[in-house]
Amino acid sequence: MLTQGVVAELRRALDPADVLLDRADLISYSIDGTWLEGRPDCVVMPRSAEQVAAVLRIANRERIPIVPRGGSTNLSGGTIPLGGGIVLNLAQLNRILEIDTGNLLAVVEPGVLTHDLDRAVRKHNLYYPPDPSSLKQSTIGGNVAENAGGLRCLKYGVTSKYVLGLQYVTATGQIGRAGGRVIKNVTGYQLDQLLVGSEGTLAVITEITLRLIPRPRHKRTATAIFPTLEGASGSVAEITREGIIPSALELMDQSSIRIVENVVRLGLPTDAEAILLVEVDGNHEGAMEDEMDRVAAILERNGASVQRAHDEAEGERLWAARRAVSPATARLKPNKLGEDVSVPRSAVPAMIRRCREIAAKYDLLMPVWGHAGDGNVHPNLLFDRRNPEEVERVQFAAAEIFEAAVSLGGTLSGEHGIGVLKREFLGLAVDPTTVGVMKTLKRALDPNNILNPGKIFPEGGDGNRRVPVHLALTGPGSGETVNTTSAPIR
Ligand SMILES: Cc1cc2nc3c(=O)[nH]c(=O)nc-3n(C[C@H](O)[C@H](O)[C@H](O)COP(=O)(O)OP(=O)(O)OC[C@H]3O[C@@H](n4cnc5c(N)ncnc54)[C@H](O)[C@@H]3O)c2cc1C
């Protein structure tokens, strides 16, 4: 419990100014990238791993929930303090400690912004590829804890591929190191990879050693407008069969095209069923040109009208439609449930068709865009939280989207994580034995369940929900409260 004595202890362990209790501060730490809210009892802003360890020792003794927080841009309710407790804001641990150009690696603190790291390594002609669209606000610590992806991950892989080693602090306040600075490492369990994607539930990450790669010197961009969705998906399959791995292969469905055109008027054809945006990159300009020739031929064979960029500025213009789609949705409805189901690449058209049926069934605006090349599809359910009847339709629709993804051989989340929003569905995608193993790990590493309690694991049943989850849409104005405890996980 957060007594005055505990607050005094926290103030002694940290700089007293780094312990926040003002109502205004607590309100600002109540939110994340969703619309959920939960007020913490206190916010602490440590400046070293030792300070993080001291906070965790106190919290573990007092059974106070700890919510690690980076940029708080997550889309799963991951940094919402469901049952109060302490928000551990890691933003002050924001130094790039080392860029080792000989060994192609960087060592960073968790609060470094993703964009700042890529900007720093660019000066050495190096590249840190994972690029969530939130990269100017998200932190490397948050990217690791969510195993973030992005546009370039089709070719270059998601965050986990770049994690070589981590310093971490356990729930009981001990500091450890997992992995290291080497490419090959099979010395014991790969604990560093276990912590990747653990959503702040297993340990707090206080330092990260990341692999870097040489920066590709050239890129070529094209957009392809398709009269049919099948043409777009046929192209994706054919590009893959040709042995070409684009650095980006993004898809927008008809509903997304219409929304962008209504709001920003880029001259997009609103009768087109899909737009594909393709980018290839590499070091040899001639090879890039040749690769894009082959891609363009495939796109045209599948019925597309293709526009190719002749320089970088033109390439940026071609990206405008894709970049406009998310902000454009905000002009239509105040709230958005941005799902990120992941299906085998060949199932993308079936998934999009299913989304279209679900949108019609529940009479919802649901533009779908996403990373067609890696099967990560973003159905975006637009709604107004003040309309309970619409909220209910969104909940039913989300449940059907998850079921569709799993029945197509896919899963609930490709990059946003489970957090609170998808926790009641975990059992749809993960078998009971595996959920049991995950819970055993959680109990072993966090016996008092203080680390981000209420996230990932279902609270209300067996995680096999086939009915709407009202909890998923709680927040101010909904008349409901989010509830969880830090009781040990069963
Ligand atoms: C506009 C927008 C676009 C987005 N686009 C993408 C995208 O393209 N791809 C993608 O993958 N995601 C995307 N996201 C989601 C989000 O940006 C990512 O999940 C990102 O990795 C979160 O980073 P963060 O620093 O904001 O973490 P936070 O939101 O602060 O935290 C995320 C989770 O990590 C935990 N955590 C944070 N830091 C630590 C730490 N040091 N140790 C242990 N646990 C920690 C938190 O407890 C929480 O569970 C987008 C979000 C927005 C708002």
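Annotations
- Backbone amide hydrogens, once placed in the peptide plane, bring LEU451 within less than 5 Å of ILE66, excluding anything fewer than 5 places away on its chain.
- With respect to the chain, whose longest principal axis is taken over its alpha-carbon atoms, helix 4-13 is tilted by about 70°.
- Where a label projected 7 Å from the Cα of ILE213 along Cα→Cβ would reach, residues of the stretch 128-166 with amide N under 17 Å: 128-132, 148-164
- Here's how it looks for LEU164: its modeled amide H is under 5 Å from those of THR209, LEU210, ARG211, which are all 5 or more places away or on a different chain.
- Top positive-direction residue, dipole computed over the stretch 356-458 with Cβ charges, set LEU382, ALA399, ASN452: ASN452
- A straight line joining the Cα centroids of the stretch 302-363 and the stretch 400-414 runs 18 Å.
- Taking label points 7 Å from Cα along the Cα-to-Cβ direction, ASP293 and THR440 give a separation of 5.8 nm.
- Taking only the C-alpha atoms of the chain, Rg followed by Dmax gives 22.7, 72 Å.
- Taking each DSSP H run with n ≥ 4 as -39500 (n - 2.57) and averaging over every residue of the chain yields -10500 deg cm²/dmol at 222 nm.
- Panel note: the C-alpha atoms of the stretch 243-303, placed on their principal axes, show extents of 39, 23, 17 Å (largest first).
- Backbone phi angles across the stretch 70-83, fed through the Karplus curve with coefficients 6.51, -1.76 and 1.60 (θ = phi - 60°), yield HN-Hα couplings of x, x, 6, 9, 4, 10, 10, x, x, 10, 7, x, 4, x Hz in residue order; Gly and Pro are listed as x.
- Computed over the stretch 143-208, the ratio Rg/Rh where both radii use C-alpha atoms and Rh is Kirkwood: 0.98
- Taking N as its residue count, the alpha carbon Rg of the stretch 67-152 over 2.2 N^0.38 Å: 1.14
- Each principal axis of the Cα cloud of the stretch 289-360 was taken in turn, and the coordinate range along them, longest first, works out to 41, 29, 20 Å.
- From the C-alpha gyration tensor of the stretch 280-411, square roots of 5λ in Å: 33, 18, 12
- Normalised by residue count, the stretch 171-234 yields a Cα convex hull volume of 211 Å³ per residue.
- Residue order, fewest to most beta carbons within 10 Å, for MET292, MET351, MET1: MET1, MET292, MET351
- Three principal axis extents describe the C-alpha atoms of the stretch 365-408; from largest down they are 36, 20, 10 Å.
- Prolate/oblate/rounded label for the stretch 193-310 (Cα gyration tensor, a/c 1.5): oblate
- Nitroxide proxy distance, nm - points 7 Å out along Cα→Cβ at ASP22 and GLN193: 4.6 nm
- Degrees between helix 254-264 axis and first principal axis of the chain (Cα, 0 to 90, nearest 10): 80 degrees
- Förster radius 45 Å - calculated FRET efficiency between ALA330 and GLU98, Cβ distance, rounded to 0.05: 0.70
- Nitroxide proxy distance, nm - points 7 Å out along Cα→Cβ at ASP271 and ARG181: 6.2 nm
- Convex hull projection area averaged over all views, the stretch 4-89, Cα basis, nm²: 5.2 nm²
- Principal-axis analysis of the Cα atoms of the chain puts helix 49-62 at an angle of about 60° to the longest axis.
- Charged side chains reduced to their Cβ positions (Lys and Arg at +1, Asp and Glu at -1) give the chain a dipole of some 820 debye around its Cα centre.
- Note that the stretch 112-241 shows a convex hull volume over its alpha carbon atoms of 155 Å³ per residue.
- Hz values of 3J(HN,Hα) by residue in the stretch 450-457 - Karplus curve (6.51, -1.76, 1.60), Gly and Pro given as x: 8, 7, 6, x, x, 9, 6, 8
- Cβ crowding within 10 Å ranks SER235, SER342 as SER342, SER235, fewest other Cβ atoms first.
- Spherically averaged projected area in nm², based on the convex hull that wraps the Cα atoms of the stretch 393-443: 4.0 nm²
- Taken over the stretch 50-203, the convex hull of the Cα atoms encloses 113 Å³ per residue.
- The stretch 54-120-the stretch 148-169 distance, computed between alpha-carbon centres (Å): 15 Å
Any read-out appearing in this document is the output of simple, stated calculations on the displayed coordinates, not a laboratory observation. Being a predicted model, the structure only gives us computed values, none of them experimental. When we count neighbours, we look across all protein chains shown, and the Cβ atoms used for this are built from the backbone with ideal geometry, even at glycine.
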